[in-house]
Amino acid sequence: MVRIKQKKDSPRDNQTGYHTGQKVALLISTRTEMGYVAIVNGTHKGILYQNEVFQPLKIGQELDGFIKKVREDNKLDLCLQKSGYKTIDTLSKKIIAKLQEQNGFIPVTDKSSPKIIVDLFGISKKSFKKTIGNLYKKRLITIEKDGIHLQYNNITPATTVNKKASRRR
């Protein structure tokens, strides 16, 4: 007998009907030691792990989120930010806007503490490092010992941070 291997986490591989990366509506229901339990699209429960939440949440709060993973036991791991390069584009806009608000300089680098990054941008240090790396490759910023500097000569009204990141070779 020949078995056809299906894509991991496809809806057919689990009982939930959800798949990794799917956008869902969340209702925060309880807080636990591990994080927040949320009702997903009014039908299933999932968890937002505390170390992956970078904004204040309240019981009863409704917000959009994403399926991070459908576990083998059909439990849902959730996240508030979509992973991948689309997130970097959104975060790039946020960092460029913050740099423009601060006259082209922010005293934060990839060496800054995670707390400072969360307080300033509401994102994880890992996401911050990916994003500033992407901006650096596009020559939109420079990273110095004292912080990040916006390269105004490379920022124009036509400049978009939505350009696809350079493909890895």
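Taken together, the values in this text are just the output of simple stated rules run on the coordinates, not laboratory data. In this text the structure is predicted, and so the values were computed from the model without any measurement. As a convention, Cβ positions derive from the backbone with ideal geometry for all residues, glycine included, and neighbour counts pool all protein chains shown.
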Checklist entry - For the residue pair Asn51 and Thr20, what label-to-label distance in nm results when each label sits 7 Å from Cα along the Cα-to-beta-carbon direction? => result 1.9 nm
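Give the order of Leu63, Leu91 when sorted by the count of other beta carbons within 10 angstrom, beginning with the fewest. Let's see the in-between values first.
Numbers: Leu63 13, Leu91 22.
Arranged by neighbour count, lowest to highest, Leu63, Leu91 become Leu63, Leu91.
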Checklist entry - Where does the charge balance sit around Val108 when Lys and Arg score +1, Asp and Glu -1, over other residues with C-beta under 15 Å from its C-beta? => result +4
Next on the checklist: Tell me the relative contact order for region 11-79 as a rounded percent, counting alpha carbon contacts under 8 Å between residues six or more apart.
Outcome noted: 36 percent
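Taking the alpha carbon gyration tensor of region 85-154, what are the square roots of 5 times its eigenvalues, largest first, to the nearest whole Å?
In descending order the semi-axes read 16, 14, 11 Å.
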Checklist outcome for this item: With the 8 Å Cα cutoff and a minimum separation of six or more residues, region 85-154 has a relative contact order in percent of 37 percent
Checklist outcome for this item: Once the dipole of region 85-154 is set up from charges on Cβ (+1 Lys and Arg, -1 Asp and Glu), the residue from the list Thr90, Val108, Leu150 lying farthest towards its positive end is Thr90
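In a shell of Cβ-Cβ distance under 12 Å around Tyr136, excluding Tyr136 itself, what net charge do Lys and Arg (+1) and Asp and Glu (-1) give? Walk me through the numbers before you get to the answer.
Details: positive: Lys129, Lys130, Lys137, Lys138, Arg139; negative: Asp110, Glu144.
Every neighbour counted, the sum reads +3.
With +1 assigned to the C-beta of every Lys and Arg and -1 to the C-beta of every Asp and Glu, and no other charges, what is the dipole magnitude of region 11-79 about the Cα centre in debye, to the nearest 20? Could you put the intermediate results ahead of the total?
Details: 9 positive and 8 negative charges, 14 e Å.
I would put it at about 60 debye.
Using the 10 angstrom Cβ neighbour count as an exposure proxy, how do Tyr152, Tyr49 rank, fewest first? Don't jump to the answer; show the numbers that get you there.
On the way: Tyr152 11, Tyr49 14.
Neighbour counts put them in this order, fewest first: Tyr152, Tyr49.
Can you sort Asp110, Asp89, Asp73 from fewest to most other Cβ atoms within 10 Å of each residue's own Cβ?
Working: Asp110 14, Asp89 18, Asp73 7.
With the sparsest Cβ surroundings first, the list reads Asp73, Asp110, Asp89.
Work out the length of the dipole vector of region 85-154 about its Cα centre, built from +1 on the beta-carbon of each Lys and Arg and -1 on the beta-carbon of each Asp and Glu, and round it to the nearest 20 debye.
Numbers: 14 positive and 6 negative charges, 70 e Å.
Once rounded to the nearest 20, the dipole reads 340 debye.
Once you list every other residue whose beta carbon is under 11 Å from the beta carbon of Lys126, what net charge do they have if Lys and Arg are +1 and Asp and Glu are -1? Working shown, then result.
Details: positive: Lys125, Lys129, Lys130; negative: Glu52, Asp110.
After counting each charged neighbour, the total is +1.
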